[in-house]
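What follows draws every value from the coordinates through simple rules; no lab data is involved. Quantities reported herein were computed from a predicted structural model and do not represent experimental measurements. For neighbour counting, all protein chains shown are included, and Cβ atoms are generated from backbone atoms with ideal geometry for every residue, glycine included.
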Amino acid sequence: MRQNCKKVIVSVILSFAMILSAISVGSTAEANSGTIQYNNKIFTKKLFKNTKKIGFGSDGSQIIKDKKTVRKVYALLAKMKLKVEEPDPNEEIKAGFVSVVIHTKSGKKKTYIFQGDKMDNKYIITKNHPIDKIRKIYDEAED
């Protein structure tokens, strides 16, 4: 009788442990695949929902419409941590900059210029600089 009771208890514990592990694995996968991490006040969830396509180049004419690629690029932009900097009126944008243009569903364009560790000469990117990854995504989409 005692052995049967021990077997039942052990099987209940093992079943409970398997259920807990299955739940934790599933929730981790959902959390990683379905979310964008918003770390700044410029690239927000509201802007993402209103984004139709993303363009590159000074005029935004090199356009990417693929939803997965747009999501990847936007996730990189939203993940940045920015610090406000007083703009230097004498500082010019030099060669070697990258321009990202967000085309909204209403037809408006929002252009963001990245050079070095700055964005739009107003913000310093303190963490998660996205430009190298964005260039790579664009090069892959262009091929």
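For Asp66 and Thr104, what does the FRET efficiency come to when R0 = 25 Å and r is the distance between their Cβ atoms, rounded to the nearest 0.05? Don't skip to the end; give the middle numbers.
Working: r = 17 Å, r/R0 = 0.68.
It comes to 0.90.
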What share of all Cα pairs of the range 59-122, in percent, falls into each consecutive 10 Å distance bin? 17, 49, 29, 5
Test of understanding: what is the full-extension gain from Glu86 to Lys136, defined as 0.36 nm times their sequence separation minus their Cα-Cα distance? 15.0 nm
Distance in nm between label sites at Leu47 and Ile113, each 7 Å beyond Cα in the beta-carbon direction? 1.7 nm
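Would you mind checking the pairs Lys68/Lys122; Lys67/Lys122; Lys45/Lys83 and listing those with alpha carbons more than 27 angstrom apart?
Details: Lys68/Lys122 29 Å; Lys67/Lys122 29 Å; Lys45/Lys83 19 Å.
Over 27 Å apart, Cα to Cα: Lys68/Lys122; Lys67/Lys122.
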